[in-house]
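Accompanying notes for the structure given below.
The values are calculated or read from the model by the stated rules, or taken from the named source; none is laboratory data. Because the structure is a prediction, the values reported are computed rather than measured. So basically every Cβ, Gly included, is an ideal-geometry build from the backbone, and we count neighbours across all protein chains shown.
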Amino acid sequence: MMPARVYSTVRGVARLVFTDRADGDFAGDGDPSRCAAQVSALADLSWTWVNQVHGGDVLVVEEPGGGCGSRADGLVTSVPAAMLTVRGADCPLVGLVSPQGVVAVAHAGWRGLVAGVLPRTVEVMRAQGALEITAVLGPCITASVYEFGSVDLDEAVAALGPSVRAQTAQRRPALNLVAGVVASLGSCGVAVDLESHRCTAGDDSLYSHRARGDRGRHLAAVWLEEP
C-alpha cells in the first residue's frame, strides 16, 4: 500500500489510501464481501462499496456502511467511521478531503470524466459544508500507453478540453487521463495533488487491464476517524 495521506479536519483526522497488488485484489468478482478481510486490514470500519457504471452519479453516505450496492461512481460523507471506497485498475481513482470534515472518493474513467463525476462530487461536497477541497489522484494509466479511438477521443476533447488529446510512445492517438482529471477539477476551482499518482501500465506493483490483461482492482479508500 502506498503511504496513507493524513489530513486534519474539524471532525477529526481524515485518512486516504490507495492500495496496490500487495494489499490484494479488490475486484470482488460480483461479491464484495470477498474483499471484507482485505478492507478490514486497512481499517476496522464499516465500509461502503458501490456498483460503478462509469457515470456521473454521486452517493451521500449518511451512516457507516450506508448505501452499499448503490449505483454510483462518487461517494461523499461527513460521518466519522464511514469508509468510502471505489475500485479501479487503469481508470483514475480520486480522493477528496476538506478541512471542514467532508471527504469523498470518485472512480473517474474517461466516460465518468465526460459525464462530470468529479465536478458533481465537488458540488455535493460543497452542499455538505466543504469550503476548501484537496483532491489527490491515485494510480491510473498514462497517455504514452493508452491508445484511444478517434471518435471517443473527440468526445473527450469536446467535454474536457484540448489538454486530453495526446499521443502514445508510438505516436498513435491517445487520451491523457491525468490531464482530464486536472481539467475537470480545475473547472470547479479544485487543484489536484499528483504526488500519489503512478502509471498502472508501467508499474508491476499495480494492476493494469490494458497493459497486462489483469482482472484485479486497486482500492481507493477515505474515512474520518472518530474523535
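Here are a few things to note about the model shown:
- Residues that are touching a helix residue (DSSP H, G or I) at 6+ places or on another chain (Cβ under 7 Å), more than 10 Å from GLY202 (Cα to Cα) and outside any strand (DSSP E or B), drawn from the range 130-146: ILE133, TYR146
- Residue match in the range 119-130 (condition: among the charged types (D, E, K, R) and closer than 16 Å to ALA179 by Cβ): no
- Strands (runs of 3 or more DSSP E) completely within the range 14-103 that count 3 or more residues being of a type in the set (A, V, I, L, M) and modelled with pLDDT of 95 or more: 58-60, 82-88, 93-97
- Residue in the range 106-119 that is out of contact with any strand residue (DSSP E or B) (no Cβ under 6 Å at 6 or more places or on another chain), of a type outside the set (Gly, Ala, Ser), farther than 22 Å from ALA191 by Cα and surrounded by fewer than 24 Cβ atoms within 10 Å (Cβ to Cβ) present: no
- Some residue of the range 161-174 being touching a residue at least 12 places away in the same chain (Cβ under 8 Å), assigned to a loop (DSSP other than H, G, I, E, B) and surrounded by 22 or more Cβ atoms within 10 Å (Cβ to Cβ): no
- Filtering GLY116, GLY66, GLY101, GLY55 for residues that are under 20 Å from ARG217 (Cα atoms), touching a residue at least 12 places away in the same chain (Cβ under 8 Å), out of contact with any Cys (no Cβ under 7 Å at 6 or more places or on another chain) and not hydrophobic (A, V, I, L, M, F, W, C) leaves a single hit, GLY55.
- Which numbered condition GLY65 fails, given (1) at positive phi; (2) in contact with a Lys or Arg (Cβ under 9 Å, 6 or more places away or on another chain): (2)
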